Amino acid sequence: MALFHVRMDVDIPRDLDPAVRADTVATEKEYSQDLQRQGKWVHLWRIVGQFSNISIFDVESADELHEILWNLPLFPYMTIEVMPLTQHGSSIK
């Protein structure tokens, strides 16, 4: 498995149809919760005061993460920063 730290900043256009916005946000929630249940999206943290999150993904490869991110319903409205992670030499776990 490969761990990735992912920051997602969301910027939904203010003039987006409210029904489209509500449907997209609901679909995003369903998709993300399914990935959490599968153990692929292992942490999801809100950044206080922003429409942003920090997430940790545990996936087979960068290619798998790429597919997951591109399939996020809110992807067209996101700026995403990905950092691959590896075990630290001083970690006791």
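Residues of segment 7-65 that are assigned to a strand (DSSP E or B), loosely packed, with under 12 Cβ neighbours inside 10 Å and not aromatic (Phe, Trp, Tyr): ARG46 alone.
One residue stands out among those in segment 66-76 that are closer than 15 Å to LEU3 by Cα and open to solvent by less than 70 Å² (accessible area, probe 1.4 Å): the one that is farthest from the chain's Cα centre (by Cα), which is ILE68. For segment 77-93, a tally of residues being part of a strand (DSSP E or B) and surrounded by 10 or more Cβ atoms within 10 Å (Cβ to Cβ) returns 7.
The values are calculated or read from the model by the stated rules, or taken from the named source; none is laboratory data. Just so we're clear, the structure is a prediction, and the values are computed from it rather than from any experiment. Cβ coordinates were reconstructed from backbone atoms using ideal geometry, including for glycine residues, and neighbour counts include every protein chain displayed. Only protein heavy atoms, including side chains, enter the accessible area calculation; ligands, DNA and RNA are left aside. Shrake-Rupley method; radii C 1.70, N 1.55, O 1.52, S 1.80 Å.
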